[in-house]
C-alpha cells in the first residue's frame, strides 16, 4: 500500500515530528511504501535530514521561498523560527492555503497514494480532504491542533469544512477523543484511541542509579510559558543550592526564550543549558538524570514522560487529563502529579495563581528529593511502570495504526 504522509511543519524537533518519524519507520518495516510532504524553513538541510527518513521520496513547502514568511507553528512557541496562525493576515492565510493546495495536487498526481496519513486536525488536513474526497484519509491528533482550534475561532469554519469528513482519527487518549468529538462534531465511531509510543531501543535504563549527589534534574521540551518553564525555574530557586544540578534541554525563539534564559542565569552554577539536542543525546541525559520535570499547562500525551520513565527517572508533572489517564495511581512516591492552577485560557494560568503554583511545584520537588536521597536506595524502575511502558512502545502503537490503514483500504476497494 502506498501512503502519503503530510505535516505542515518540520518533521522533527516536536512531538508530532517524532511521531511522524516513528510512523514512517514502522510503516516501512511492515512493507508499506511512504512518501512525505512537509513544511520546512529555507535554511533546513533537507537532503541530509530527509535521507534519514524511511520514505521513498519527499516534497516540501519551503517557508521563505515558496511562502514569504517563516514556518507557521502548530504551537505558538516552536523550537525554531516561526509565526503563529492567529497572526496571519487574510492575504497570508490565502497564500498559505494556495501553496499547500498546489503541492498536495502535485504530490498526489506523482505518488498516487492509496491512503493519506495527515498530522493535526487543522488546515492542511482539511485541504487534503476537500481536494481528494475519494482518497481514504487518516489523521493523527497531537493536542496542539485542539489548542489552535480554541484559540483561533476565525479559522474554525475552514478547519471543519474538511475535518468533519475524515475517515479515521487517531487520538492519544480517551480524554482527547471526547474533546475531539465535542470541538469538531466528528462521529465518535471514526475516532480511535491508539496512543503514542516511545522508542524503546533508544530510551532505556542501563543500570540502577545509586545515591546521587547532587540530584540531577532534567527538563526537555520547548522553552515556553505554556510548558511552565518560568514557574519551574522560580521553584528551583527555592531549593537548597548545593543539592541539585538542573539540566535545561530545548529551544525556542523570541521574548519567551529570553525570559526563560534570564531566569535560568539566576541559578548560576546549578544549571546546565544544553539547547536543542538530538534524540540520542537526550536519552543519554535521561539515563544520567534522577528526576524529570514537566510542569506543562497543556499537553495531549507527552511522549517525553514515557521516555524519561523508561530511562529510570522519577517524575514530577502537572495533572493534565492525558497525564492522569496515563499515570494516575501508579507507583506513589515515584511519580508526583501537581494540580494545575486556575487557568485564564487554554494554557495561560491566572496571574493570581502564580505564587501558589510555584509553591506546589517546590513542594513536589522536595518530596522527590527526600525519596532520591534516602541512603543506599537502589533505583530500579518499579514493576508497574515497566508493565505500563510495554503498552506504549512504537511497535504496539503502530499495529493499531496499521489495522486502520488496512480497514480504510479494504473499505475503499469494496466501495464503502
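Given points 7 Å out from each Cα along the Cα-Cβ axis, report the residue 277 to residue 390 separation in nanometres with one decimal.
Placing both labels 7 Å along Cα→Cβ, they lie 3.0 nm apart.
Could you sort 82-92, 396-406, 67-77 so that the peptide with the highest average Cβ count within 10 Å comes first and the rest follow in order?
Result, highest mean Cβ count within 10 Å first: 67-77, 396-406, 82-92.
Once you order the gyration tensor axes a ≥ b ≥ c over the Cα atoms, which shape class does segment 84-193 get: rounded for a/c under 1.5, otherwise prolate or oblate by comparing a/b with b/c?
Working: a/c = 2.14, a/b = 1.11, b/c = 1.92.
Taking the square roots of the gyration eigenvalues as a ≥ b ≥ c, segment 84-193 is oblate.
Sorted from fewest to most neighbouring beta carbons within 10 Å, what does the list 274, 47 look like?
Fewest-to-most Cβ neighbours within 10 Å comes out as 47, 274.
Would you calculate the separation in nanometres between label points at residue 373 and residue 339, each defined as 7 Å from the Cα along the Cα-to-beta-carbon direction?
In this crude spin-label approximation the distance works out to 2.6 nm.
What whole-number value in cubic angstrom gives the convex hull volume per residue for the C-alpha atoms of segment 267-372?
Convex hull volume per residue, Cα atoms: 127 Å³.
Apply 1/(1 + (r/R0)^6) to the Cβ-Cβ distance of residue 193 and residue 284, taking R0 = 30 Å, and write down the FRET efficiency to the nearest 0.05. Show your work: numbers first, answer last.
Details: r = 32 Å, r/R0 = 1.06.
About 0.40, to the nearest 0.05.
So for each of 350-359, 318-327, 107-116 I average, over its residues, the number of other beta carbons within 10 Å; can you give me the resulting order with the highest mean first?
Numbers: 350-359: 14.6, 318-327: 20.0, 107-116: 17.7.
The packing order, highest mean first, is 318-327, 107-116, 350-359.
Across bins of 20 angstrom width beginning at 0, how are the C-alpha pair distances of the chain distributed, in whole percent?
Per 20 Å bin, starting at 0, the Cα pair percentages come out as 27, 57, 16, 0.
Roughly what % antiparallel, to the nearest 5, for the DSSP beta bridges in segment 209-390?
15
Would you mind estimating how fast segment 183-313 diffuses translationally, via Stokes-Einstein at 20 °C and 1.002 mPa s with the Kirkwood radius over Cα pairs, in µm²/s?
133
Helix-derived [θ] at 222 nm for the chain: sum -39500 (n - 2.57) over DSSP H runs of at least 4, divide by residue count, nearest 500?
-12500 deg cm²/dmol
Would you compute the Debye intensity of segment 31-103 from its alpha-carbon atoms alone, equal scatterers and no solvent, and pass along log10 I(q)/I(0) at q = 0.13, 0.18, 0.23, 0.28 Å⁻¹ to two decimals?
-0.43, -0.77, -1.09, -1.33
Using Cβ counts within 10 Å as a stand-in for footprinting exposure, how do 411, 251, 290 rank, fewest first?
Exposure proxy ranking, most exposed first: 411, 251, 290.
Between residue 181 and residue 33, 0.36 nm times their residue separation minus their Cα-Cα distance comes to what?
Values: separation 148, 0.36 × 148 = 53.28 nm, distance 3.10 nm.
That works out to 50.2 nm of additional length.
Using DSSP, restrict attention to beta bridges with both residues in the chain and report what percent are antiparallel, rounded to the nearest 5. If you can, show how the numbers build up before the last one.
Working: 4 of 57 bridges.
Roughly 5 percent of the DSSP beta bridges within the chain come out antiparallel.
Across every pair of different alpha-carbon atoms, what Kirkwood hydrodynamic radius in Å does segment 209-390 reach?
Taking every pair of different Cα atoms in segment 209-390, averaging 1/r and inverting gives 16.4 Å.
By how many nm would the segment from residue 237 to residue 265 grow when fully extended, if each residue of separation counts as 0.36 nm and the alpha-carbon distance is taken off?
Answer, rounded to one decimal: 9.0 nm.
Want the number for residue 354 to residue 47: 0.36 nm per residue separation, take away the alpha-carbon distance, what's left?
106.0 nm
Applying 1/(1 + (r/R0)^6) with R0 = 45 Å to the Cβ-Cβ distance of residue 165 and residue 383, what FRET efficiency is obtained, to the nearest 0.05? Don't skip to the end; give the middle numbers.
Values: r = 45 Å, r/R0 = 0.99.
Calculated transfer efficiency: 0.50.
Picking from 311, 55, 163, which is most flexible by a Gaussian network model of the chain using Cα springs under 10 Å?
55
Only Cα pairs under 8 Å and at least 6 apart count here; give the relative contact order of the chain as a rounded whole percent.
Reported relative contact order: 15 percent.
Starting from the Cα gyration tensor of segment 211-284, take the square roots of the eigenvalues, sort them a ≥ b ≥ c, and report rounded, prolate or oblate (rounded when a/c is under 1.5, otherwise prolate if a/b is larger than b/c, else oblate).
Because a/c hits 1.5 or more and a/b fails to exceed b/c, segment 211-284 counts as oblate.
Under 16 Å from a point 7 Å along the Cα-to-Cβ line of residue 258: which residues of segment 215-237 have their amide N that close?
Under 16 Å, as judged by backbone N against the label point of residue 258, lie 224-225 of segment 215-237.
For segment 111-164, what does the equivalent ellipsoid look like in terms of its semi-axes, each the square root of 5 times an eigenvalue of the Cα gyration tensor, given largest first in whole Å?
21, 12, 7
Computed from the coordinates by the stated procedures, all read-outs in this text should not be read as laboratory data. Values in this document were obtained by computation on a predicted structure and should not be read as measured data. Note: ideal-geometry Cβ built from the backbone for every residue, glycine included; neighbour counts use all protein chains shown.
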